[in-house]
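What follows is one structure encoded as structure tokens, with my remarks underneath.
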Amino acid sequence: MKKVLSVVLSAIMLVSVFTACSKKDDSKKFVVGFDSEFPPMGFVADNGDYVGFDLDLAKEVADRLGLEFVAQPINWDAKDQELKTGNIDCIWNGFTISGRENDYTWTQAYMENNQVVVVKADSGITTFADLAGLKVAVQKDSSGLAALEENEALTSTFAELIEEESYLNAMMELESGAVDAIVMDEIVARYEIQTSGKDFVVLDETVASEAYGVGFLLGNEALRDDVEKTLIEMKNDGTLAQISEKWFGSDVTTIK
């Protein structure tokens with residue numbers, strides 16, 4: 001009797017283990033690392049939710065792949081560590097491919113962007129030459145910073161280059177007069193100016209042109225392929241355009 005009872009209990013335990021494994025597989029997550037102060041790509045809404053163009057894209061991809069979508073805010077200058085330790089599956093937040101081609105496994109570019117200079121409308125600054133002797137802000141470890149480091153002819157004219165934790169901090173500094181200009185992503189700059197009503201303008205000259213992609217840990221081609229294939233499907237069925245129109249009023253995506 002004891003032997004029979006032991007067999008039955010063992011069988012129950014095996015079923016429990018298989019059930020637990022099945023539930024674990026069913027709830028596999030897709031954790032997307034993003035800068036929560038980078039509107040309109042990813043940011044915190046008034047109700048505390050994480051929202052944005054990139055997050056909408058990522059959530060749709062996760063749904064189609066049968067994965068649980070998790071938006072994980074990160075410090076932008078710690079993004080590599082977050083990826084290497086497995087805390088996030090990818091970096092998806094206006095992430096520039098240019099200059100980082102060999103550092104990550106990338107999807108094809110899905111959007112184009114420029115690095116531009118933002119100033120107060122009444123500053124009298126209209127060209128790059130006017131920045132000479134002035135304080136210029138940029139986000140730490142950003143594409144804007146990389147663009148400036150590659151343009152010594154411009155950067156050397158500044159009185160000071162100040163690295164801020166976020167572009168929102170930089171904009172507050174510009175508004176208060178603590179800095180004279182910001183080098184930042186055009187997509188973010190125009191969205192912030194439009195939605196905040198700040199009396200800022202974008203200069204006509206561009207510091208650099210670039211393209212956005214989704215970055216994975218170097219060598220993680222399997223997940224990259226799944227995400228890229230899904231993005232192409234979304235392009236073909238009109239979903240990509242629909243999400244783009246929601247945030248930008250037109251289809252600004254470039255994926256093929």
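Summarising the amide proton neighbourhood of Glu37: residues at separation of 5 or more, or on other chains, whose placed amide H is nearer than 5 Å comprise an empty set.
Just to be sure I understand the curve: with the Debye formula and one point per C-alpha of segment 132-244, what is log10 I(q)/I(0) at q = 0.12, 0.17 Å⁻¹? For segment 132-244, the Cα-only Debye profile gives -0.58, -0.92. Rounded to the nearest 10 degrees, the inclination of helix 239-248 to the longest alpha-carbon principal axis of the chain is 40 degrees.
What number comes out for the charge environment of Thr96, summing +1 per Lys or Arg and -1 per Asp or Glu over other residues with Cβ under 9 Å away?
Values: positive: Arg100; negative: Asp185, Glu210.
Taking every Cβ under 9 Å from that of Thr96, the sum is -1.
For segment 71-121, the solvent-accessible area of protein heavy atoms averages 39 Å² per residue (probe radius 1.4 Å; ligands and nucleic acids excluded). Dividing the mean sequence gap of close Cα pairs (under 8 Å, 6+ apart) by how many residues the chain holds gives a relative contact order of 25 percent.
Taking amide H atoms as placed 1.01 Å from N in the peptide plane, the amide H of Leu218 lies under 5 Å from those of Thr105, each 5 or more residues away in sequence or on another chain.
Look at the Cα gyration tensor of segment 167-227: its axes a ≥ b ≥ c give a/c of at least 1.5 with a/b over b/c, and that counts as prolate.
Per-residue Karplus couplings for segment 209-226, computed as 6.51 cos²θ - 1.76 cosθ + 1.60 with θ equal to phi - 60°, are listed in order as 10, 7, 9, 8, x, 9, x, 10, 4, 3, x, 7, 6, 4, 5, 4, 4, 4 Hz, Gly and Pro entered as x. Cross-link pairs exceeding 29 Å between alpha carbons, from the set Lys198/Lys235; Lys29/Lys79; Lys135/Lys198; Lys140/Lys198; Lys140/Lys229: Lys198/Lys235; Lys140/Lys229.
What is the dipole size for the chain, taken about its Cα centre, with +1 at each Lys and Arg Cβ and -1 at each Asp and Glu Cβ, in debye to the nearest 20? Write down the numbers at each step before the final one.
Values: 21 positive and 46 negative charges, 355 e Å.
Using Cβ point charges on Lys, Arg, Asp and Glu, the chain gives about 1700 debye.
The residues of segment 127-183 have, on average, 44 Å² of accessible surface per residue, using a 1.4 Å probe with all protein chains present. A simple count of charges around Phe216, restricted to other residues whose Cβ falls under 14 Å of its Cβ and scoring Lys, Arg +1 and Asp, Glu -1, yields -4. With all protein chains in place and a 1.4 Å probe, the accessible surface of the chain carries 49 percent carbon and sulfur. Springs between Cα atoms under 10 Å define the GNM used for the chain, and in it the highest mean-square fluctuation of Ile182, Ile91, Ile232 occurs at Ile232.
At 4 °C and a viscosity of 1.567 mPa s, what translational diffusion coefficient does Stokes-Einstein give for the chain, taking Rh as the Kirkwood radius over Cα pairs? Give it in µm²/s as a whole number.
Numbers: Rh = 20.1 Å.
Rounded to a whole number, D works out at 64 µm²/s.
Each helix, a run of at least 4 DSSP H residues, gives -39500 (n - 2.57); summed and divided by the residues of the chain, these come to -12000 deg cm²/dmol at 222 nm. Near Met111, the amide H atoms lying under 5 Å from its own belong to Tyr212, Thr254; only residues 5 or more places off or on other chains count, and H is placed 1.01 Å from N.
The values are calculated or read from the model by the stated rules, or taken from the named source; none is laboratory data. What you are looking at is a predicted structure, and each value in this text was computed from that prediction instead of being measured. Because the Cβ atoms are built from the backbone with ideal geometry, glycine has one as well, and the counts that use them run over all protein chains shown. Just the protein is used for accessible areas: all its heavy atoms, side chains included, with ligands, DNA and RNA removed. Shrake-Rupley method; radii C 1.70, N 1.55, O 1.52, S 1.80 Å.
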